[in-house]
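The values are calculated or read from the model by the stated rules, or taken from the named source; none is laboratory data. Note that the coordinates shown come from a computational prediction; the quantities given were computed from them, not determined experimentally. Note that we place each Cβ from the backbone using ideal geometry, even for glycine, and neighbour counts take in every protein chain shown. Just the protein is used for accessible areas: all its heavy atoms, side chains included, with ligands, DNA and RNA removed. Shrake-Rupley method; radii C 1.70, N 1.55, O 1.52, S 1.80 Å.
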Amino acid sequence: LALKSRSHTARRPQVDMERETPEAAPPPTFLRGEEASSGSSSARARFERLIRRVQAEVCAALEAVEEGSGGGGVVFREDAWTRPGGGGGISRVLQGGHVFEKAAVNVSVVYGVMPPDAYRAARPDAAAGVEKAGPVPFFAAGVSSVIHPNNPFAPTLHFNYRYFETEAPQEITAADAPGAPRQWWFGGGTDLTPSYIIEEDIKHFHSVQKQACDKFDPTFYPRFKKWCDDYFHIKHRGERRGVGGIFFDDLNDHDQETLLDFATECAASVIPAYIPIIERRKDTPFTEDHRAWQQLRRGRYVEFNLVYDRGTTFGLKTGGRIESILVSLPLTARWEYDHKPQE
């Protein structure tokens, strides 16, 4: 055990940000100063209010499904944490439900400085020249959720909406305009991963995503749908992770107000896109063969998240809260050697 402990310490990357401190209950806000007031109109404050509202609404909707299906005693467990340097988060996880094997809805609001290695993970396209720079001041807030149902005919859902700001690296802060973030952007999306393709469900899910996008720009849905298909691609398998949805990242090609409203609309579409599908499929009869196929498909889900997902990479490179980073993984998955699926 002592050898194992020392080995773990030696391998620890030299990019850790401050470790989290558990809290008995989440504070009213994770922000400080003027932005901490309930009426603050800053983008940071408004986005925090958005993601905490979305967390509460999605958790309530999932608990209502459980209660209506005879699993009323299964509710979300909540863990709150703060960071000494700034911010914190709230993790809510439901496990072992009648309908949901595992569901997690997490929010985080963190700020301070991040090492260049973490900046490259967050912005690989904009990190040239940061190699020799010092720590980068940043702000990051987001809501992230993965929902794994028990029934093989009920699809897994993932959604994530986030807002990010960075300033100039510490050595060259004077070169920036005073008080202005050097960069800001929005990211996120909602995507569906079924084990069995049911056309009615896929049409419903995509129609809700299109409606949310079309309220802002008719080019958004085809653009972000393709982005989603391309992003959730398991390259070493030559497979898509699921049936897509919408996805965007590093988005700042519209004004900040428009994109904040767009993220709000997308987050509000999660419940109407997903709950009707769950209500239709949660009690569908299934066999052990159906369950085995679901487990194999979940294995693909695990492979993508651990190998390609930018959020996972960023969290691990910044020494983030491991339980929150890996909460997207299902309770159970399966890998069979040289498996050949039936048509």
Completion exercise
Of the candidates Val58, Thr21, Phe247, the farthest towards the positive dipole end of the chain (Lys/Arg Cβ +1, Asp/Glu Cβ -1, centred on the Cα centre) is Thr21
Problem - the stretch 271-343 and the stretch 140-155: distance between their alpha carbon centers, rounded to Å - result: 9 Å
Exercise for the section: Pairs of Cα atoms under 8 Å, at least six residues apart: use those to get the relative contact order of the chain, whole percent. Expected result: 17 percent
Handout entry: the stretch 225-325: trypsin sites (Lys or Arg not before Pro) in DSSP loop, at most 12 other beta carbons within 10 Å
Key = Lys235, Arg237
Problem - Total charge dipole magnitude, the stretch 210-280, about the Cα centre, Cβ charges on Lys, Arg, Asp, Glu only, Debye to nearest 20 - result: 600 debye
Completion exercise
Interchain or sequence-distant (5+) residues whose placed amide H lies within less than 5 Å of the amide H of Arg240 are Ile234
Practice task
Before rounding to the nearest 500, sum -39500 (n - 2.57) across all DSSP H runs of length at least 4 in the chain and divide by the residue total; then give [θ] at 222 nm in deg cm²/dmol.
Solution key: -12000 deg cm²/dmol
Handout entry: Heavy-atom accessible area per residue - the chain, 1.4 Å, Å²
Key = 48 Å²
Handout entry: Whole-percent carbon and sulfur share, accessible surface of the chain, 1.4 Å
Key = 54 percent
Fill in the blank from the handout: With a 23 Å threshold on alpha-carbon distance, the violating pairs from Lys225/Lys317; Lys102/Lys210; Lys210/Lys317; Lys102/Lys282; Lys235/Lys282 are Lys225/Lys317; Lys102/Lys210; Lys210/Lys317; Lys235/Lys282
Exercise for the section: Subtracting the Cα-Cα distance from 0.36 nm times the residue separation, let me have the gained length for Arg291 to Asn252 in nm, one decimal. Expected result: 9.8 nm
Completion exercise
Nearest-0.05 FRET efficiency for Ser38 and Ala61 at R0 = 30 Å, using Cβ-Cβ distance, is 0.75
Fill in the blank from the handout: Once the in-chain neighbours fewer than 8 apart are removed, the aspartates and glutamates whose Cα is under 17 Å from Lys203 read Asp191, Asp214, Asp229, Glu279
